[in-house]
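I have placed the structure first, in the form of structure tokens, so that the comments after it can refer back to it.
Read the figures in this text as sums done on the coordinates, not as results from a lab. A quick note: this is a predicted structure, and the numbers were derived from the prediction, not measured. Positions of Cβ are backbone-derived with ideal geometry, glycine not excepted, and every protein chain shown enters the neighbour counts.
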2 protein chains.
Amino acid sequence: MSPPSAIEVDGGIDATSITLPGPLTTKGVVARRAKAGKLVAGTAAYTSSDYFKGPATGRPKAKRWDHYLTLESKSRNPSSLKAAAKYLQKPGLISLGGGLPCAEYFPLEEVTFKVPTPPNFSEKATKESGSILRAGKYDASEGDGIYDLAISMNYGLGVGSAQVIRFVTEHTEMVCNPPYQDWNCALSVGSTAALEQAYRMFCERGDYVLAEEYTFASAVETALPLGVKFFSIKMDDQGLLPEHMDEILCNWDEVERKARKPRLLYTIPTGQNPTGATQGAVRRQAIYKVAQKHDIYIIEDEPYYFLQMQPYTGPNAPDVPPPASNEEFLQALVPTYLSIDIDGRVMRMDSFSKVIAPGTRVGWITASAQIVERFVRHSESSSQNPSGLSQMFLYKLLDESWGHDGYLGWLIALRLSYTKRRDTILAACEKFLPKDIVSWNPPAAGMFLWLSVDWRRHPHAKTKRILEIEEEIYLAAVNQGVLICRGSWFLGQKDAEEPTDMFFRATYAAASEDKIFHAIERFGIAARESFGVK
Amino acid sequence: MSPPSAIEVDGGIDATSITLPGPLTTKGVVARRAKAGKLVAGTAAYTSSDYFKGPATGRPKAKRWDHYLTLESKSRNPSSLKAAAKYLQKPGLISLGGGLPCAEYFPLEEVTFKVPTPPNFSEKATKESGSILRAGKYDASEGDGIYDLAISMNYGLGVGSAQVIRFVTEHTEMVCNPPYQDWNCALSVGSTAALEQAYRMFCERGDYVLAEEYTFASAVETALPLGVKFFSIKMDDQGLLPEHMDEILCNWDEVERKARKPRLLYTIPTGQNPTGATQGAVRRQAIYKVAQKHDIYIIEDEPYYFLQMQPYTGPNAPDVPPPASNEEFLQALVPTYLSIDIDGRVMRMDSFSKVIAPGTRVGWITASAQIVERFVRHSESSSQNPSGLSQMFLYKLLDESWGHDGYLGWLIALRLSYTKRRDTILAACEKFLPKDIVSWNPPAAGMFLWLSVDWRRHPHAKTKRILEIEEEIYLAAVNQGVLICRGSWFLGQKDAEEPTDMFFRATYAAASEDKIFHAIERFGIAARESFGVK
């Protein structure tokens, strides 16, 4: 099998020539907030990341994307009723304007959340000594805090509440420190919804989107009904290959392809679904350069960014010590596309699904002001904004209780948990899989192990199609009592030729470690049986 | 002013010729649930209204709408990964398939909601003696209830959780008792999102949607970027005029209009926004017949359905006694389109925004199985499902704590509160407005009073355009310290001729009764000043 892989973090060629100030730290956030004073933001209050960002002195402004926006996106106008909002500032004015219901009629007086108390994040510790976070209906108007149920449970603006936007803006600045001036964040109702909005902003029917050859099936299924197809870029163990992307774009023949040259790259740079591949810093720079060369807009889908794990040391070597501090943890993370995005050509999609819980249905995007404004105009006339109860939970947990330091501590704990899970599945693979037939790279991030199967050694290799053999192995595994996904399900380009390689995707995120062990044992039996080896 | 209007409920010609069994009652729900046994539905469990509906013996099946579905909607396919779900039934199978995170890592051990205890729904009573509803992480797997945070905070299916779908299905059956067999409910992330999905299912770029001449501005703004325009149907004090709708459709000239004949009617039948008009039962039957004649699909947008109020008795007459029972309350409600929809040509959109709280971002649609299936396919690749925290709140409040009886009691309390608010604004209008210039109909439902202004008596009527005079009055009102919406903001057809009548919309839902009184006094002063009368 391959040597242990860690994420290659430094050594990248910095595409920017400007000197950025040091990134924001958790201490810096505290100082900035103290200077700004108490956040005051009531029902459906206007907000923007601009209120919460650091100074952008000396940074360039983002490129404009007018030439890429679809007819649909270009024709979105702000609501005429919202124009009336300017008069709401008038002292003493009584509004009989907006149709917002009165909080008096919200049948919810108070909500509490029992959550972990840092640094004891385990379920057991939480059960025994978790913190109870409380939100009342009129806390903010009664001077007890800055966010209450009267605000969060009423209508809000498409961008999200100021209380949550402040947190995600600061977090994004700490993690990504975007190198251009006019970046902004907006909440989404999850990254799949955000991705659909992005397609509708950038793609007309008939367009192709570039993506990893094997990719997130929902990203493809969200695109297809819009008449938008995926075009495969070849991959290696660091994911997307910039040379192949360049080659595809250099040789794009609109007549032959029956489609204009692609404008969009969809990529999952870290712990890619399904391959588990993580692009190193140098790889990201190289891909960004190709994007610049061909003026490609990048959708950076990063649900697994904070599931970067400790370097894999192999079955019998001691573990690498965990990050000694939040700063060390942040420095160990692979640079994001947003962090090298000098042009403003990246929409980064962050998600709480893998690091807090999918049921929040809250994520956020970060992009240039122009793109975020178009995105928010769309949200306003579709989802409007994420659940107010979810926003309250995230505010109470992340901002009021944990703070940025506590949240980073949580993310470190998660990193160590996933490391343990990954090491379990790798140990099981070492023990149970026939290595002359099945091989794998230890994933450096994410939830997935990508198993490569040398199908050419299969007894039916000469008489059956690769997809038939894949199905046979899949069913043999089910028969042995393990469900594992067929690699071909993740092929993004539906009109591509039959694949030449065979893979299976196993996740170590969900089952208990005990069950993971048994599952791999069963897969080993199934593979041996199917290949007729011992 | 006009005589007091109540909603005309009976006297309708029943378009159906079949005899339906009596509608479901709250007692019937209890009996049905007892018979069905405990609901078992874990993480991302498949569900359908079919599990919870009564027998549909003798009812016809819904019409098929294949010929109306857009290319986008028709090309939605179920996820290939979801096909693997069938194997999950296999005893002892271990899944390394789906990428669902483990509930162990959800930093939420327990949540509580403090809510009103029926029948004491007031805020004061809730503060003093509200019920505390509790949900733990593993309640369901530990035998304590049927829904827990491990389920609700994980990924769910597009249709919504079984726990909430059961409640809304029963509620819909009690209220609407749809006269065809294969109706279904699906949760939405709010009616605006549901409406956008409906447009994308039924409308291609260039299409017109029929709607009330004055309509919900967001419904128009959601349609316009998709290239879908509104076409105005004239209205009277019961809203949409069926004769005008028929006339428009009979004479639709595709060449002249540069658009194919409309297929969709968007209507807000009850407490219409902005006019406050409510279609009576006879009116609904008449509109439904026109829809049948021209094969129009109806979007029934009903956020204000349960804001139907007590009949207005005038300033000096005694109030009508409140409904004596839940059954009497349900019988006093105007029949829904869904309740007369023998063809399955209605998508009803229900919302919790006006009756629970907008911040839940949960609503639901009811339509035929074919339409709901297409809708859910879209939800799966956009919003996925509503917030799990919101679903848990609604389940705990409506199902586990209040039950259907308690919820109907809440809706009666809301009815009486809105009646009081409406009576306040009407009393203020009687007292402060110049009746020879401003006139109105007492709304029977909803949040809005629609003030008609006889602009022809304005001193500038001969020299200025109607929109200029409207703006002058609007600004005069702002100057007096009251914000009230201009009627022209709600004109749905943007390419129509200049309006001939002038209106203003005032809401009595939000401000305190005291402020409503002052606001109308100020509007009276502004109107008198602008018209130069005393």
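Annotations for the structure displayed:
- Any hit, the stretch A:452-466, residues being within 14 Å of chain B (Cβ to nearest Cβ) and under 25 Å from A:G239 (Cα atoms): no
- Scanning the stretch B:239-263 for residues that are outside any loop (DSSP other than H, G, I, E, B) and surrounded by fewer than 24 Cβ atoms within 10 Å (Cβ to Cβ) returns B:P242, B:E243, B:H244, B:D246, B:E247, B:I248, B:L249, B:C250, B:E254, B:V255, B:E256, B:R257.
- Selection status of B:E472, without any contact (Cβ under 8 Å) to a residue 24 or more places away in the chain and in a helix (DSSP H, G or I): no
- Residue count, the stretch A:313-367 (criterion: within 14 Å of another protein chain (Cβ to nearest Cβ) and not in a strand (DSSP E or B)): 11
- B:F329 being among the aromatic types (F, W, Y) and out of contact with any strand residue (DSSP E or B) (no Cβ under 6 Å at 6 or more places or on another chain): yes
- Tally, over the stretch B:492-513, of residues that are more than 10 Å from chain A (Cβ to nearest Cβ) and either in a helix (DSSP H, G or I) or not charged (D, E, K, R) (or both): 8
- When every residue of the stretch B:120-127 is checked against the conditions, none turns out to be touching a helix residue (DSSP H, G or I) at 6+ places or on another chain (Cβ under 8 Å), more than 7 Å from chain A (Cβ to nearest Cβ) and closer than 23 Å to B:G388 by Cα.
- Checking B:V159 against (1) β-branched (V, I, T); (2) within 8 Å of chain A (Cβ to nearest Cβ); (3) within 28 Å of the chain's Cα centre (by Cα), the condition it does not meet: (2)
- Any chance B:P107 is in contact with a strand residue (DSSP E or B) (Cβ under 8 Å, 6 or more places away or on another chain), closer than 30 Å to B:I412 by Cβ, at the interface with chain A (Cβ under 7 Å from one of its Cβ atoms) and crowded, with 21+ Cβ neighbours inside 10 Å: no
- Flag for A:K53 being surrounded by 18 or more Cβ atoms within 10 Å (Cβ to Cβ) and more than 9 Å from chain B (Cβ to nearest Cβ): yes
Table: residues versus (1) of a type outside the set (F, W, Y); (2) within 14 Å of chain A (Cβ to nearest Cβ); (3) out of contact with any helix residue (DSSP H, G or I) (no Cβ under 8 Å at 6 or more places or on another chain); (4) without any contact (Cβ under 8 Å) to a residue 60 or more places away in the chain.
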{"site": "B:A186", "(1), (2), (3), (4)": "yes, no, no, no"}
{"site": "B:A198", "(1), (2), (3), (4)": "yes, yes, no, no"}
{"site": "B:C203", "(1), (2), (3), (4)": "yes, yes, no, no"}
{"site": "B:A211", "(1), (2), (3), (4)": "yes, no, no, no"}
{"site": "B:A219", "(1), (2), (3), (4)": "yes, yes, no, no"}
{"site": "B:D236", "(1), (2), (3), (4)": "yes, no, yes, yes"}
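- All positions within the stretch A:389-423 that are polar (S, T, N, Q), touching a residue at least 24 places away in the same chain (Cβ under 8 Å) and more than 20 Å from A:A277 (Cβ to Cβ): A:S390, A:Q391, A:S401
- Boolean, A:E72 is in contact (Cβ under 8 Å) with a residue 24 or more places away in the chain, outside any loop (DSSP other than H, G, I, E, B) and at the interface with chain B (Cβ under 7 Å from one of its Cβ atoms): yes
- Residues of the stretch A:82-97 that turn out to be crowded, with 18+ Cβ neighbours inside 10 Å and either within 35 Å of the chain's Cα centre (by Cα) or over 27 Å from B:E521 (Cβ atoms) (or both), as a count: 0
- Of all positions in the stretch B:132-155, at least one carries a residue that is facing chain A (nearest Cβ under 10 Å), out of contact with any helix residue (DSSP H, G or I) (no Cβ under 9 Å at 6 or more places or on another chain) and closer than 30 Å to A:Y138 by Cα.
- Residues of the stretch B:75-121 classified as in a helix (DSSP H, G or I) and among the polar types (S, T, N, Q), total: 2
- All positions within the stretch A:268-303 that are touching a residue at least 60 places away in the same chain (Cβ under 8 Å) and either within 17 Å of A:D207 (Cα to Cα) or of a type in the set (V, I, T) (or both): A:T270, A:T275, A:T278, A:V282, A:I296, A:Y297, A:I299
- Scanning the stretch B:123-140 for residues that are of a type in the set (S, T, Y) and either without any contact (Cβ under 8 Å) to a residue 12 or more places away in the chain or in contact with a strand residue (DSSP E or B) (Cβ under 8 Å, 6 or more places away or on another chain) (or both) yields B:T126, B:S129, B:S131.
- Test: residue in the stretch A:334-351 that is of a type outside the set (V, I, T), without any contact (Cβ under 8 Å) to a residue 60 or more places away in the chain and at negative phi: no
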